[in-house]
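> Could you have a look at this structure, given as structure tokens, before my questions?
The values are calculated or read from the model by the stated rules, or taken from the named source; none is laboratory data. Predicted model, so just to flag it, every value in this text is computed and none were measured. Cβ coordinates were reconstructed from backbone atoms using ideal geometry, including for glycine residues, and neighbour counts include every protein chain displayed. Surface accessibility is based on the protein's heavy atoms, side chains included, excluding ligands, DNA and RNA. Shrake-Rupley method; radii C 1.70, N 1.55, O 1.52, S 1.80 Å.
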Amino acid sequence: MHNFVFHNPTKILFGQGTLEAIGPETRIWGKRILLVYGRSSLRRNGLYDQILASLRTAGLEVAEHGGVRANPLLSHARQGIREARARQAEVIVAAGGGSVIDTAKAIAAGVPVEHDVWKFFTGKKSLKTALPVITVLTLAASGSEMNSGMVLTNDATREKFGFGHRLLHPKTSILDPQATYTVPPDHTVFGAVDAISHLLEFYLTAADPDIPVQDRMMEGLVENSMTACRRCLRDPRDYSGRANLMWTATLALNGLTAAGLGRVGFPMHLIEHSLSALYDIPHGAGMAVILLGWLRAHRTALAHRIAGLGRRLFRLTESDPLLAADQTIARFADWLADVKAPLTLADLGIAAAEIPHIADNTRGLARIWRLAEYSPERVASILLHCLGSDGQQTTMNRSNTSHQGAPGGQCGEESDISP
């Protein structure tokens, strides 16, 4: 295990009835608030009224910045920065999923500086200060409620970049599983897939091979994400299922799972960010396809690692590493099919002819994330494995898996059909 520093300053209030604490928790950090949220769903499910009542009861001045969409846009974050400055906001409150929280973080980072906020994402500027961020989570997926990262899509250049800094940790995050009862089945699945992909990125790219503590933790969280997802699909109001999925997604990317691993990378997210930037698909839907393709592309090089995962996760008994790796990938594909996640690029409405364009669009983020080994040529070779297990396009006969041109984005992000 490598040396590491684990420091996560985010205060978590978890469970039923915690939503009413949003006002008092926010009041600690300031009086003038910018409330950031998505489209109509927060109002439909009643959370908007509860949040606003708590903030106003605490004596806070509230300005609003709604309309955050999935795959949150840089242009909308810039509007929020202007609004926050005009209202002299002292605190940014985010009520939504990962896209809302990421937009709130971008606003918090952009208000105090004179330069454009996109310069943080491109590595041209470093973060030195930010407004405090408080969150109310409505979709279990991205982990943004307890980490230092944010992701935006530059709508002018069609680039989707991520940036992280310790000053972007939310001060307090309120996690009430009841706030996720109305999340639709597809977005529930996409959230679970996003959490799993965060864990497997660490699990499969870790520099240190002797990390049993982290391995068992990540394997358990992957298993729980799969199990809890099924429970939520059977009964959307299963409190324990929603609670388990919510806490799993938060733990998957709050820094703890990566502690001691040494250098890790996000090559799957690198590729998916290109997909959702170009085609506006839900991030978790793209991650399902990329996850399977990436595993198939690395089945030989990482056979022992993938096989070990399958033996722990699926109780496989096959001794041959390559065969066990193939069985593991097949089990993941079976689970994804069972929960009606997309399996191929065709399921996303993306043709094989688009692969060179997708691969070329990863250049900028690969440079910023220091993933030089993921050239467009290598990315294209991985995307070929996303055409299906036999290398051919196969479209599943499901109405809810084609997302080309539809509202969607980073799992854990707000859309008009999620809370």
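> Just going by the charge dipole of the chain, with Lys and Arg at +1 and Asp and Glu at -1 on Cβ, which of 303, 143, 283 is farthest out on the positive end?
Comparing the listed Cα positions along the dipole, 143 ranks first.
> Taking Cα centroids, how far is region 317-356 from region 39-96 in Å?
Centre-to-centre (Cα) distance: 38 Å.
> Okay, moving on. What's the FRET efficiency of residue 381 with residue 86 using the Cβ-Cβ distance as r and R₀ = 45 Å, to the nearest 0.05?
Once rounded, the FRET efficiency stands at 0.40.
> Right, another one. Please give the length that would be gained between residue 372 and residue 223 if that part of the chain were fully extended, namely 0.36 nm times their separation in residues minus their C-alpha to C-alpha distance (nm, one decimal).
This chain segment gains 50.5 nm when fully extended.
> Using θ = phi - 60° and the Karplus curve 6.51 cos²θ - 1.76 cosθ + 1.60, what whole-Hz ³J(HN,Hα) does each residue of region 269-281 get, with Gly and Pro shown as x?
For region 269-281, the Karplus-derived couplings read 5, 3, 6, 5, 4, 5, 4, 6, 5, 7, 10, 6, 8 Hz, x marking Gly and Pro.
> In nm, to one decimal, how far is the residue 317 label point from the residue 16 one, both placed 7 Å along Cα→Cβ?
Going from the residue 317 label point to the residue 16 one covers 4.3 nm.
> Give me the extension gain from residue 116 to residue 49: residue separation times 0.36 nm, minus the current Cα-Cα distance, reported in nm with one decimal.
Gain on extension, residue 116 to residue 49, equals 20.8 nm.
> Which value at 222 nm does the chain reach when only helices count, each DSSP H run of 4 or more adding -39,500 (n - 2.57), with the total divided by all residues and rounded to the nearest 500 deg cm²/dmol?
-14000 deg cm²/dmol
> In percent, how large is the relative contact order of region 225-371, given Cα pairs closer than 8 Å and 6 or more residues apart?
22 percent
> Then there is this: Would you mind telling me the share, in percent, of accessible area of the chain contributed by carbon and sulfur at probe 1.4 angstrom?
C and S fraction of accessible area: 51 percent.
> So who's got an amide H within less than 5 Å of the one on residue 153, skipping anything under 5 residues away but keeping other chains? H placed 1.01 Å off N, in plane.
73, 74
> A further question follows. Per residue, how much accessible area does the chain show when a 1.4 Å probe rolls over the protein heavy atoms, in square angstrom?
The answer is 38 Å² per residue.
> Calculated FRET efficiency, residue 75 and residue 128, Cβ-Cβ r, R0 30 Å, to nearest 0.05?
That pair, residue 75 with residue 128, gives E of 0.80.
> Could I ask something else about it? Loop only by DSSP, 13 or fewer other Cβ within 10 Å of the Cβ. Give me the trypsin sites (Lys or Arg not before Pro) in region 254-304 that pass, ordered by residue number.
When the trypsin sites (Lys or Arg not before Pro) of region 254-304 are filtered for loop state and at most 13 Cβ neighbours within 10 Å, 263 remain.
> Share of antiparallel DSSP beta bridges in the chain, in percent to the nearest 5?
Once the DSSP bridges in the chain are tallied, antiparallel ones form about 20 percent.
> In Å and from the alpha-carbon atoms only, list the Rg and Dmax of the chain.
Both quantities, over Cα of the chain: 20.2, 65 Å.
> Cross-link list 171/340; 124/340; 124/171; 31/128; 125/340: which exceed 31 angstrom alpha carbon to alpha carbon?
Result: 171/340; 124/340; 125/340 exceed 31 Å.
> From the phi angles alone, apply the Karplus equation (6.51, -1.76, 1.60; θ = phi - 60°) to region 332-344 and give each ³J(HN,Hα) in whole Hz, x where the residue is Gly or Pro.
5, 4, 4, 5, 4, 5, 5, 8, 6, 8, x, 10, 9
> For residue 142, enumerate residues with amide H under 5 Å from its amide H, sequence gap 5+ or separate chain, H modeled in the peptide plane.
For residue 142, the qualifying residues are 98, 412.
> Here is a follow-up. Taking θ = phi - 60°, what integer Hz values does the Karplus form 6.51 cos²θ - 1.76 cosθ + 1.60 yield along region 355-365, in sequence order, with x for Gly and Pro?
3J(HN,Hα) across region 355-365, in whole Hz: 4, x, 5, 4, 5, 5, 6, 8, 4, x, 5.
> Mind listing the long-range amide H neighbours of residue 316? Cut-off is under 5 Å, sequence gap 5 or more, other chains count too, H placed in the peptide plane at 1.01 Å from N.
311
> Still on this model: At 7 Å along Cα-to-Cβ for each site, give me the label-to-label distance between residue 156 and residue 213 in nm.
Rounded to a tenth, the inter-label distance reads 4.7 nm.
> Would you mind getting me the FRET efficiency between residue 61 and residue 354? Use the beta-carbon distance for r and R0 = 60 Å, nearest 0.05.
For R0 = 60 Å, the calculated efficiency reads 0.80.
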